[in-house]
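Okay, structure first, notes after.
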Amino acid sequence: MNYKLFLFALVILPYCIFANDTDLLNEYKLLYTDISNVNTIGYKSYFNILGNKAEEKINFSQGSLMFTGIFEDLAIIGEGFFKIRLENNVAGYTRAGKFHIDIDGNFVTPQGFYLYDNVNLQGNFLPESIKIAFDGQVFVTIYEGGGELREIKAGQIAIYKIPGDLLIRYNDTIFILKPGAEYTPEKVELNHEFFPERMIHKCLEYSNVYYLQAVLRMYYILSIIGDGYIKNIEFKKEMLKLVIENLANNYSRDEILLSIDNNIFELYKLLEESGLFDTIEEEVENDNESLEEKLIRRFVPRRNTYWVVQRFNAQRFLNNQFYFLNSILPYLRFDY
């Protein structure tokens, strides 16, 4: 009996160890993908903080919001996706709200994909007049003949709800329905200011990667995985040690800076909502102004007030924060 048990263990145990190390290698690859996209707008990670590991199931939790002041930027609070039109009219779903307006007045992603429910802005609209409400309604000011300016509703950008387990990655920030999945995404009716889902104008949602936890998990995997699965393990561990120390040392400073930025943003919103900027503009109004002077007076001062919040540049902050991590990424690849 003991002899049979020994033979069973001899055959089965090596397979279990091999399978476990293979799983760890696959997890390391997912973690590498995550930290490679720590700065990617709208990226959703593989790392599950509750299970403290990465897995193929995508984590669709909310990423942090950063105010940009850019008129085409949009972020979603709560569940849902922007629906875009991919190649061959395939529907794609994304949380990356970094749009731009093309020459024909359409909202377009950086990859060149249009919103599925396209919003087209008239050619004579003023770019800095774009306003997008919490429910996705888009308003712009257009120039009419005789020097008249008029605000109009240009359309509405929708949020679509779809279960995350029905989606697979199309690329880093865009998802599509799994092959064979039959589901009609539900368009969210944002008809109340306190609805859980809403849009935030001039903001972007950054990745939801728990970068410190992800890096710690990578270090742990390198510490227990079998020899031969990942090359140059000791070198990678030393690199990750430096990353962990750097992130830990800067954590308190980063939290303070983000808090300051948020307070500046809130102060700006209060001043804008109070009508202070409109009052300043009205005081300098002059009936003898030319049309060009009226446009400059009406929109340029408002734009310049964004300097208050833009002095803390979100992208520059994130680039500096992860500069060292980004610089060593090629050396952390599993096959290096």
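The residues in the stretch 102-123 that are outside any loop (DSSP other than H, G, I, E, B) and more than 19 Å from residue 142 (Cα to Cα) can be counted, and the count is 3. Could you please find all residues in the stretch 89-105 being over 13 Å from the mean Cα position of the chain (by Cα), on the phi < 0 side of the Ramachandran plot and free of Cβ contacts under 8 Å to residues at least 40 places away in the same chain? 100, 101, 102, 103, 104 - these are the residues of the stretch 89-105 that are over 13 Å from the mean Cα position of the chain (by Cα), on the phi < 0 side of the Ramachandran plot and free of Cβ contacts under 8 Å to residues at least 40 places away in the same chain. Of the residues making up the stretch 68-103, those that are within 26 Å of residue 126 (Cα to Cα) and out of contact with any Gly (no Cβ under 8 Å at 6 or more places or on another chain) are 68, 69, 70, 71, 72, 99, 100, 101, 102, 103.
More than 19 Å from residue 67 (Cβ to Cβ) and in a strand (DSSP E or B), is that true of residue 200?
Details: more than 19 Å from residue 67 (Cβ to Cβ): no; in a strand (DSSP E or B): yes.
When the stated conditions are applied, residue 200 does not pass them.
Filter the stretch 76-101 for residues that are surrounded by fewer than 22 Cβ atoms within 10 Å (Cβ to Cβ) and assigned to a loop (DSSP other than H, G, I, E, B); which is modelled with the highest pLDDT? The selected residue is 86. All of (1) surrounded by 10 or more Cβ atoms within 10 Å (Cβ to Cβ); (2) at pLDDT 85 or above; (3) assigned to a helix (DSSP H, G or I); (4) not hydroxyl-bearing (Ser, Thr, Tyr) hold for residue 231 with one exception: (3).
Can you find even one residue in the stretch 119-131 that is over 21 Å from residue 200 (Cβ atoms), of a type in the set (Phe, Trp, Tyr) and assigned by TED's automatic domain parsing to the domain that holds residue 160?
Kept after step one, since they are over 21 Å from residue 200 (Cβ atoms), are these residues of the stretch 119-131: 120, 122-126.
Going one step further and asking which of them are of a type in the set (Phe, Trp, Tyr), we end up with 125.
Checking the rest, the ones that are also assigned by TED's automatic domain parsing to the domain that holds residue 160 come to 125.
So far as the stretch 119-131 goes, yes, one or more of its residues are over 21 Å from residue 200 (Cβ atoms), of a type in the set (Phe, Trp, Tyr) and assigned by TED's automatic domain parsing to the domain that holds residue 160.
Does residue 222 fit the bill of being closer than 30 Å to residue 128 by Cα and not β-branched (Val, Ile, Thr)? Criteria not met by residue 222.
Taken together, the residues in the stretch 128-148 that are modelled with pLDDT under 80 and outside any strand (DSSP E or B) amount to 3. Among the residues making up the stretch 153-167, those that are surrounded by 13 or more Cβ atoms within 10 Å (Cβ to Cβ) and either part of a strand (DSSP E or B) or small (Gly, Ala, Ser) (or both) are 154, 155, 156, 158, 160, 161, 164, 167.
The values are calculated or read from the model by the stated rules, or taken from the named source; none is laboratory data. Treat the numbers as computed from the prediction; the structure is a model and nothing was measured. Please note: Cβ atoms are built from the backbone with ideal geometry, for glycine as well, and neighbour counts cover all protein chains shown.
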